[in-house]
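First the structure, in the form of structure tokens, and then the observations on it.
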């Protein structure tokens, strides 16, 4: 039976907020479409449907069914929240509307979302009460908001119990999300090992302790009582930066660790154990484990000087994990290399979680250690959750570039058996590492996700034994040729897959299926590299392009853009490399490019420009490379430009 908001309470509430409404009938929350739906009933109907059977865990259809069911539950929850937020706006409850909408997390395809439960109970998280005139309305909103979140959390918990047998990693992730939705969900909190202390939930020793040891650490240049030891539940941080920075690092590492345990549940935890805990409603057994050790230097110079003995190439690193010493080494900087921090700590988590004493990948399968660490660079933290993966992850752009533009790709079956020396001696090491990252994204993020668990188990066995017990293709149940074909297909992107993903600094979409509609969804303002060559984008993207003012490199070759693109490009004053081959520019003044004073490379191949337009490039004094091949340019005009720009290498016509 559907539950509805009380119409009479709603009408009385509106009249108290606005006395002028007393003599006329106003639409209630229900009449406006804000009706409560019983999530328990909805879930029961959903799981009773014919599609809700439980195929074998090896069957990809099991994942498809689960994801489809979950999507329907999410859609119902988001509909209720949107209606509630709309009503809050109508009643002048702006803060309450914003708090409501904050629980609508729009999920992009191929991106994984992991939630971090708050330590405070639900009641403690209530926003500050508004003025007296709106107080009753706010109280009514809060009651409805709590009930909606709790019903959704209960629905997810029942769904979690349904899928734990075949998909324990999904169930474990959902338990955290349930506690994010309803911080006081006793069953989920208990299974995850939380305990209630008043209005605070804790798991294990949640405190962070700080001390200044009396013993000097000469290996690191740390004098006695001039550095800090910060102990958090899973990390010990030694630092001479400051107490505040050390504590902040420990907190961020704990956040990262909690997301990592969800993302790689199959690596270090047991699905059968989780199932027993859910069935019995019991907390996990607590096992003491040696904390992960991190050394955090004050600056780069001290980092280099302290570690040069152990790593002669230390100057080329921006973070380091030494497996033999079981420590990660990081350093502070005005713009800290946090992606590198996650990369190195990722190495540490994978290596030390299985307590291996074996050097991974010496003889074979070295790629997987780097692939996993590179994947973790896609980590994006938000206030109460984080994401991993996504089609716009920085490392994936370079994988796409090398494979689709350069044609560089080593067959997966060929590179997997390589050991450390074979990999590190490769002549295209950078491109090879990009492929490692791309394969990791493919195996973890590719929908519906049926490669994810076997790949993680392959990684676990490789770390535990130094090499896997069987070949990667046997874990994945697919031959190498078909796997390569699926990987190449994964590198393509369409508008739906692109979604509204947050962008890093790079976006390579050349030769993909993306159109203007996909680009129009994105915020390009922080990009430094954008390549849309050989796509069907048109002038519809020019408003977004004009806002991409941080771009250093832009490629728009062989697109459906017109000469109007020059006006948008003129706003990108930090450009150093611009490729416009095949874009029709005849008759358009190139003087609009005069403001690009940092431009070093300009490709105008087959753009139809003439002598008069070429003369408008004299102002580009930083230009080092100009390609005017297949353009109607006379030798006289070319020679005149060469005299004006003597440092420029001009190719063509």
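The values are calculated or read from the model by the stated rules, or taken from the named source; none is laboratory data. Remember, it's a predicted structure, so these values are computed and weren't measured experimentally. Every residue, glycine among them, receives a Cβ derived from its backbone with ideal geometry; neighbour counts consider all protein chains shown.
Considering each of 329, 350 in turn, give the residue that is within 24 Å of residue 238 (Cα to Cα), in contact (Cβ under 8 Å) with a residue 60 or more places away in the chain and in contact with a helix residue (DSSP H, G or I) (Cβ under 7 Å, 6 or more places away or on another chain).
350
So that you can scan it fast, the table gives a plain yes or no per residue for (1) touching a residue at least 12 places away in the same chain (Cβ under 8 Å); (2) more than 21 Å from the chain's Cα centre (by Cα); (3) in a loop (DSSP other than H, G, I, E, B):
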residue	(1), (2), (3)
375	yes, no, no
401	yes, no, no
407	no, yes, yes
417	yes, yes, yes
422	yes, yes, no
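Which of the residues belonging to the stretch 181-190 are farther than 13 Å from residue 279 by Cα and buried (at least 21 other Cβ atoms within 10 Å of the Cβ)?
Correct list: 181, 182, 183, 185, 189.
Quick one: which residue in 448, 468 is farther than 25 Å from residue 68 by Cβ and assigned to a loop (DSSP other than H, G, I, E, B)?
Checking each option against the conditions leaves just 468.
Would it be correct to say that residue 103 is buried (at least 20 other Cβ atoms within 10 Å of the Cβ) and in contact (Cβ under 8 Å) with a residue 24 or more places away in the chain?
Here the answer is no, as residue 103 does not meet what is asked.
Consider residue 485 carefully, then state whether it is assigned by TED's automatic domain parsing to the domain that holds residue 403 and either in contact with a strand residue (DSSP E or B) (Cβ under 6 Å, 6 or more places away or on another chain) or assigned to a helix (DSSP H, G or I) (or both).
Judged against the criteria, residue 485 is a match.
Does the stretch 595-610 hold any residues that are within 24 Å of residue 560 (Cα to Cα) and not in a loop (DSSP other than H, G, I, E, B), and which are they?
601, 602, 603
For residue 400, state whether it is in the same structural domain as residue 437 (by TED's automatic domain parsing) and surrounded by fewer than 21 Cβ atoms within 10 Å (Cβ to Cβ).
No, not satisfied.
For the stretch 301-348, which positions are closer than 23 Å to residue 267 by Cβ, part of a loop (DSSP other than H, G, I, E, B) and over 21 Å from the mean Cα position of the chain (by Cα)?
323, 324, 325, 326
Scanning for something under 36 Å from the mean Cα position of the chain (by Cα), assigned to a loop (DSSP other than H, G, I, E, B) and surrounded by fewer than 21 Cβ atoms within 10 Å (Cβ to Cβ), does the stretch 616-631 turn up at least one residue?
No - not one qualifying residue is present in the stretch 616-631.
Looking at residue 135, is it closer than 30 Å to residue 260 by Cβ and over 26 Å from the mean Cα position of the chain (by Cα)?
When the stated conditions are applied, residue 135 does not pass them.
Can you find a residue in the stretch 588-609 that is more than 23 Å from residue 531 (Cα to Cα) and over 42 Å from the mean Cα position of the chain (by Cα)?
No: the stretch 588-609 contains no residue that is more than 23 Å from residue 531 (Cα to Cα) and over 42 Å from the mean Cα position of the chain (by Cα).
With (1) assigned by TED's automatic domain parsing to the domain that holds residue 380; (2) in contact with a helix residue (DSSP H, G or I) (Cβ under 7 Å, 6 or more places away or on another chain); (3) surrounded by fewer than 16 Cβ atoms within 10 Å (Cβ to Cβ) as the list, and residue 520 as the residue in question, which single condition is left unmet?
(1)
So residue 534 ticks every box in (1) outside any strand (DSSP E or B); (2) more than 28 Å from the chain's Cα centre (by Cα); (3) modelled with pLDDT of 95 or more but one. Which box is left unticked?
Just one mismatch for residue 534, condition (2).
Only one residue in 462, 392, 453 is outside any helix (DSSP H, G or I), buried (at least 20 other Cβ atoms within 10 Å of the Cβ) and on the phi < 0 side of the Ramachandran plot, so which one is that?
Selected residue: 392, the only one of 462, 392, 453 that is outside any helix (DSSP H, G or I), buried (at least 20 other Cβ atoms within 10 Å of the Cβ) and on the phi < 0 side of the Ramachandran plot.
Anything in the stretch 490-512 that is over 17 Å from residue 399 (Cβ atoms), in contact with a helix residue (DSSP H, G or I) (Cβ under 8 Å, 6 or more places away or on another chain) and in a loop (DSSP other than H, G, I, E, B)? List them, or say none.
Within the stretch 490-512, 494 is the sole residue that qualifies.
Which members of the stretch 165-196 meet the condition of being under 19 Å from residue 126 (Cβ atoms) and more than 29 Å from the chain's Cα centre (by Cα)?
Answer for the stretch 165-196, where residues must be under 19 Å from residue 126 (Cβ atoms) and more than 29 Å from the chain's Cα centre (by Cα): just 196.
So which of 585, 575, 561 is in contact with a strand residue (DSSP E or B) (Cβ under 9 Å, 6 or more places away or on another chain) and outside any helix (DSSP H, G or I)?
575
All but one of (1) within 24 Å of residue 647 (Cα to Cα); (2) in contact with a helix residue (DSSP H, G or I) (Cβ under 8 Å, 6 or more places away or on another chain); (3) surrounded by fewer than 20 Cβ atoms within 10 Å (Cβ to Cβ) hold for residue 578; state the number of the condition that does not hold.
Tallying (1) within 24 Å of residue 647 (Cα to Cα); (2) in contact with a helix residue (DSSP H, G or I) (Cβ under 8 Å, 6 or more places away or on another chain); (3) surrounded by fewer than 20 Cβ atoms within 10 Å (Cβ to Cβ), residue 578 fails exactly one: (3).
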